[in-house]
Ligand code: NAD
């Protein structure tokens with residue numbers, strides 16, 4: 001993969017354009033620190049131009065049938081499949097993530113598009129009938145119009161797909177704002193879709209730039225009917241507040257602090273293998289990363305004995321060096337500093353392995369880290385680190401395990417490890433999280449099943465038929481007989 005600088009453009013009204021002000025911003029490969037591309041630094045004026053183009057496209061797009069919408073999504077999925085390796089390479093270099101991870105994401109994202117291609121033709125509602133004497137009532141499930149997706153840097157293409165799939169399936173036109181740090185795989189995919197004559201002008205726009213002013217203008221714009229954001233809790237709160245001015249619908253997919261509750265009857269080796277993946281996949285920069293292990297009194301020592309060598313066996317490095325790399329860099333120097341700051345402040349904790357940059361002289365790395373002797377109230381247990389850091393706590397009884405697991409402001413994902421079905425069912429019932437896995441963590445996700453948070457992890461669902469509800473509105477029409 002070459003690291004020469006490539007200039008990308010924003011997609012507005014079917015054309016690839018510079019920002020109106022002509023400014024650009026650099027995109028960096030975090031595993032090396034090299035500048036690899038530039039993209040337009042768009043402003044509020046560019047958002048307004050994209051909204052105008054979307055409104056123009058809506059005139060014709062809103063006349064399309066579910067079959068037409070379905071066909072578009074299938075063709076977009078085909079383009080992704082045909083260029084999966086190129087897109088995976090670009091994603092890998094831009095995010096600093098292992099090729100094995102980005103190669104996994106492409107077919108999964110294409111499958112997601114195909115799921116929504118099917119969902120476009122299966123919108124359900126209440127049956128028409130005479131609910132009031134002398135009247136026939138019908139329900140229409142209609143698109144919202146112009147919707148916006150604001151994406152994070154950790155899974156840039158997949159998060160954009162999670163927002164585009166249901167938006168287009170339901171008949172909306174969409175404006176996507178990728179993360180300022182990782183816009184490349186999305187820009188390349190839409191470029192391919194336009195070049196291959198797959199994407200009708202204006203149905204999808206991509207506007208690059210910073211959260212403020214690009215994201216904020218999308219949130220403010222009166223003609224944008226929904227904003228779906230995946231990002232930090234603080235960003236979600238700002239967006240929800242700002243969206244109130246135009247009574248805009250908001251879908252929030254925010255941070256997480258996932259517990260892995262390990263009961264004494266679990267297999268310590270299987271759990272350690274599970275943590276190796278769940279805690280360190282994408283350098284732990286995953287909103288569902290298993291970041292808090294809460295282990296029973298009898299399994300605690302055996303688990304640590306199995307876990308430390310597992311974590312130390314991770315192959316860390318620049319993903320472009322080898323297909324064998326299992327963990328890459330973190331996204332930026334600021335993120336590296338943030339993660340190491342959590343470790344410095346956890347002064348009473350014991351770092352069992354990791355804890356520094358891993359001694360690499362280029363890029364922004366954090367060594368895979370396991371931390372014990374932490375208290376439930378410690379910052380490192382309470383706040384999302386978003387890095388390759390896993391804390392381990394020892395609980396006294398089942399009630400304390402569940403209480404600790406729930407005792408954070410987040411509620412996105414959790415897992416329970418036990419051979420006892422009754423104990424697992426009880427834990428699933430009591431855990432306040434939008435996803436609970438039993439005897440696994442992180443990867444069991446599928447297009448048919450919803451992904452979304454409880455508590456401050458947000459509201460609304462990505463993936464699954466549930467997400468179609470976010471992107472549609474219900475109309476009742478009553479006909480006097
Ligand atoms: P972030 O909150 O910094 O940025 C997310 C997006 O919001 C970016 O595109 C950014 O430019 C934009 N933004 C920032 N300020 C804005 C504003 N005032 N108005 C409108 N848009 C604004 O998040 P990030 O650092 O890119 O991603 C990491 C966070 O995302 C973590 O907290 C992680 O847990 C979360 N995340 C959640 C999920 C999920 O499904 N729940 C998935 C992936 C990541």
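Computed from the coordinates by the stated procedures, all read-outs in this text should not be read as laboratory data. Keep in mind it's a predicted model, so treat the numbers as computed, not measured. With ideal geometry, Cβ positions are generated from the backbone for all residues, glycine too; neighbour counts draw on all protein chains shown.
Per residue, the convex hull around the alpha carbon atoms of region 1-50 comes to 83 Å³. Kirkwood's formula applied to the C-alpha pairs of the chain gives a hydrodynamic radius of 23.2 angstrom. Using Cα centres only, tell me the gap between region 357-417 and region 131-210 in whole Å. Rounded to whole Å, the Cα centres lie 34 Å apart. Compared with the dominant principal axis of the Cα atoms in the chain, helix 233-243 is inclined by about 20°. Neighbour counts of other Cβ atoms within 10 Å put 253, 344 in the fewest-to-most order 344, 253. Between residue 140 and residue 360, what FRET efficiency follows from the Cβ-Cβ distance if R0 is 60 Å, with the result rounded to 0.05? Efficiency computed from Cβ-Cβ geometry: 0.55. For region 1-106, the alpha-carbon coordinates run over 47, 36, 16 Å along the three principal axes, in decreasing order. For the listed peptides 236-242, 431-437, a ranking on the average number of other beta carbons within 10 Å per residue, highest first, reads 431-437, 236-242. Placing pseudo-labels 7 Å out from each Cα toward the beta carbon at residue 232 and residue 212 gives an inter-label distance of 1.2 nm.
Largest first, the three principal axis extents of the alpha carbons in region 245-303 are 55, 22, 12 Å in whole numbers. The alpha carbons of region 334-423 give a radius of gyration and a Dmax of 14.9, 50 Å, in that order.
Angle of helix 99-119 to the longest C-alpha principal axis of the chain, folded into 0 to 90 degrees and rounded to 10: 40°.
What is the packing order of peptides 218-227, 167-176, taking the mean over residues of other C-beta atoms within 10 Å and listing the highest first?
Numbers: 218-227: 21.0, 167-176: 26.8.
Order by mean packing, descending: 167-176, 218-227.
On a 0 to 90° scale, report how tilted helix 268-278 is relative to the longest principal axis of the chain, with both axes built from alpha carbons and the result rounded to the nearest 10. That helix lies at roughly 40 degrees to the long axis. With Cα atoms as the point set, region 324-481 shows a radius of gyration and Dmax of 20.1, 78 Å. Rg of the Cα atoms in region 48-123, relative to 2.2 N^0.38 Å, amounts to 1.37.
If R₀ is 22 angstrom, what is the calculated FRET efficiency for the pair residue 65 and residue 126, using the beta carbon separation as r and rounding to 0.05? FRET efficiency, residue 65 to residue 126: 0.55. Annotation: the antiparallel percentage among DSSP beta bridges lying fully within the chain is about 40.
Provide the FRET efficiency to the nearest 0.05 for the residue 474-residue 379 pair, computing r from the beta carbons and using R0 = 41 Å.
0.40
Averaging the sequence gap over all C-alpha pairs within less than 8 Å and six or more residues apart, then dividing by the number of residues, gives region 28-142 a relative contact order of 26 percent. Each stretch of four or more DSSP H residues adds -39500 (n - 2.57); spread over every residue of the chain, this sum gives -11000 deg cm²/dmol at 222 nm.
Sorting the segments 313-323, 193-203, 409-419 by their residues' average number of neighbouring beta-carbon atoms within 10 angstrom, most packed first, yields 409-419, 193-203, 313-323.
Once you reduce region 299-329 and region 66-84 to the center of their Cα atoms, the two points are 36 Å from each other. On the principal axes of its alpha carbon atoms, region 91-221 extends 64, 33, 27 Å, with the longest extent given first.
Sorted fewest first by neighbouring Cβ atoms within 10 angstrom, 360, 49 come out as 360, 49.
You can think of it this way: the chain between residue 348 and residue 466 has 38.1 nm of extra reach, that is 0.36 nm per residue less the Cα-Cα gap.
Shape summary: region 394-464 maps onto an equivalent ellipsoid whose semi-axes, from the alpha-carbon gyration tensor, are 22, 16, 9 Å in decreasing order.
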